[in-house]
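Here is the structure we will look at, set down as structure tokens.
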Amino acid sequence: MVVVVSLGNSSLLASRIARGLGSKCKVVRVKVGAFPDRDMLMRYLGDVRRQEVILVQSFQPNPQKSLSLIQFAALGAKQLGAKSVTLVAPYLAYMRQDKMFNPGEVISARVMAKVLGVCVDKLITVDPHLHRVRRMKDLFGSMDARAISANPLIGEYVKKKFRNVVVVGPDWESFQWAREVASICGSECTVFEKTRYSSRNVKVKMMKQVDMKGKNVVIVDDIISTGHTVIEAAKKSWSLGAKTVRCIGVHGLFAENAISKLKRSGKLTEVISCNTIVHPSNKIDVSGIIVKELKRRKKSSKK
Ligand code: R5P
């Protein structure tokens with residue numbers, strides 16, 4: 001039997017995954033409380049002995065708390081006799097700090113990978129920020145860690161909803177998403193070159209010339225955090241004659257109330273995200289691709 005456990009950040013997604021996995025799957029709730037001194041007290045409200053436990057938890061909101069809940073829930077499930085623990089982290093945090101940018105900085109991506117490596121057996125995540133580290137294997141070593149992509153879903157969404165589209169990757173890193181999305185929806189694609197002066201100050205310029213006059217521009221990025229990247233890309237698209245400018249983020253972090261900033265900027269016709277992080281802008285559901293991956297793994301582990 002497979003047991004799906006939500007740790008709070010992705011409850012709706014967890015129920016959809018459980019439904020998608022069908023009758024051989026049950027949902028078990030976990031109660032998270034605290035002692036008077038605030039030590040965490042976690043309790044499984046159902047039996048996980050000899051079960052394959054699937055923990056579902058996005059790392060947003062609150063990446064630190066999410067990581068510690070995952071550690072307790074994963075190691076706790078094993079204490080209680082679970083056969084295996086798979087973490088489904090639709091959004092995996094800490095991936096952007098993948099090198100030491102300043103002396104003395106901790107490489108968070110490596111720490112996170114080590115921590116997960118000791119508590120979960122398998123990891124499935126959606127479009128992790130693989131940039132300088134290119135493959136999951138380079139970060140997670142021998143652990144069974146798999147990245148799946150929301151690109152096909154985004155491509156189909158754009159194809160169904162909009163016409164006369166130009167897909168824009170606001171920087172080189174996002175070009176991998178933009179190019180695939182454009183090829184699925186059969187539209188033109190370009191990439192901007194981004195210079196980041198600080199966390200909150202970026203500038204972009206167009207590298208590959210594409211006619212944007214009268215076009216419906218769709219900016220595609222893996223992460224929308226403070227929103228500055230998207231705002232600058234939108235400004236540039238309007239200045240090149242775009243008719244509408246939308247953005248689609250796989251992971252809508254919307255840090256520091258970025259969603260209000262995006263609205264106030266008046267530069268975005270619409271802001272759309274996948275449901276890897278719960279947000280009112282969620283329009284693209286990733287539960288189907290996660291279920292498909294879980295089923296694929298189950299099949300291949302039986303062979
Ligand atoms: C950068 O490497 C990512 O792909 C995103 O472009 C970036 O994280 C967006 O950040 P912000 O919204 O803060 O500009």
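Some notes on this structure:
- Residue identified as of a type outside the set (S, T, N, Q) and under 29 Å from Asp144 (Cβ atoms) among Ile289, Ile219, Ile231: Ile289
- Looking only at residues in segment 180-207 that are of a type in the set (D, E, K, R) and either at pLDDT below 90 or touching a Ser or Thr at 6+ places or on another chain (Cβ under 8 Å) (or both), the one that is surrounded by the fewest Cβ atoms within 10 Å (Cβ to Cβ) is Lys205.
- Test result for Ile284, away from the ligand (no atom under 15 Å from the Cβ), under 14 Å from the mean Cα position of the chain (by Cα) and modelled with pLDDT of 95 or more: yes
- Test: Arg196 is under 30 Å from Ile289 (Cα atoms) and either of a type in the set (D, E, K, R) or assigned to a loop (DSSP other than H, G, I, E, B) (or both): no
- Enumeration of residues in segment 146-179 that are of a type in the set (D, E, K, R) and at pLDDT below 95: Asp171, Glu173, Arg179
- Whichever residue in segment 127-144 is within 14 Å of the ligand (Cβ to nearest atom) and surrounded by 15 or more Cβ atoms within 10 Å (Cβ to Cβ) and, among such residues, is farthest from Val286 (Cα to Cα): Val133
- Filter result (touching a residue at least 12 places away in the same chain (Cβ under 8 Å), part of a loop (DSSP other than H, G, I, E, B) and within 16 Å of the ligand (Cβ to nearest atom)) within segment 84-126: Tyr91, Leu92, Ala93, Tyr94, Met95, Arg96, Gln97, Asp98, Lys99
- Pairs where the first residue, in segment 227-240, is within 14 Å of the ligand (Cβ to nearest atom) and the second is among the aromatic types (Phe, Trp, Tyr), C-beta under 6 Å, 6+ apart: Ala233/Phe192
- From Ile231, Ile259, Ile277, Ile223, residue being outside the structural domain of Phe59 (by TED's automatic domain parsing), in a strand (DSSP E or B) and within 25 Å of the chain's Cα centre (by Cα): Ile223
The values are calculated or read from the model by the stated rules, or taken from the named source; none is laboratory data. Remember, it's a predicted structure, so these values are computed and weren't measured experimentally. Cβ coordinates were reconstructed from backbone atoms using ideal geometry, including for glycine residues, and neighbour counts include every protein chain displayed.
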